[in-house]
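The values are calculated or read from the model by the stated rules, or taken from the named source; none is laboratory data. Worth saying up front: this structure is predicted, and the values here are computed from it rather than measured. As a convention, Cβ positions derive from the backbone with ideal geometry for all residues, glycine included, and neighbour counts pool all protein chains shown.
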Amino acid sequence: MSTQKIGRYAFLLGLVVSVIAGFVNIGYYGVLGLFALGVIVGVLNVTGKEVQPFLLGTIALMLVGTSLSLLSGIPGGDALTSIIQHFTAFVAGGALIVALREVYGITSTQ
């Protein structure tokens, strides 16, 4: 199986687990697993021209996740907030790897 397919499946799995986690408590190790899947996606899927849009999207997602805490008082708001928070934990793993790779690339060429 190619690394691109592994990365694609890791992304889909992270998305599905994030949605499930919106309704079921997956605990500490579940969130850690989401973060690890995000690392796999960051290593295998995000390439040179995708770095900036990926990091910008991650920042936007984190801001949205923070704002959605206001929805906790409406029906379904808790689940939606939980889904976004878990998806943010998933994407954060990829963002960490991509950002470190970029910083290393910038500083090692000087």
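Looking only at residues in segment 1-36 that are out of contact with any Asp or Glu (no Cβ under 9 Å at 6 or more places or on another chain) and outside any helix (DSSP H, G or I), the one that is surrounded by the most Cβ atoms within 10 Å (Cβ to Cβ) is Ile26. Restricted to segment 69-98, and to residues there that are farther than 13 Å from Phe11 by Cα and among the β-branched types (Val, Ile, Thr), the residue that is modelled with the lowest pLDDT is Ile74.
Across segment 85-103, the number of residues qualifying as surrounded by fewer than 18 Cβ atoms within 10 Å (Cβ to Cβ) and of a type outside the set (A, V, I, L, M) comes to 2.
Would you mind stating whether Leu56 is under 23 Å from Leu100 (Cα atoms), out of contact with any helix residue (DSSP H, G or I) (no Cβ under 6 Å at 6 or more places or on another chain), at pLDDT 90 or above and not acidic (Asp, Glu)?
yes
Scanning segment 37-56 for residues that are assigned to a loop (DSSP other than H, G, I, E, B) and either surrounded by 17 or more Cβ atoms within 10 Å (Cβ to Cβ) or within 12 Å of the chain's Cα centre (by Cα) (or both) gives Asn45, Val46.
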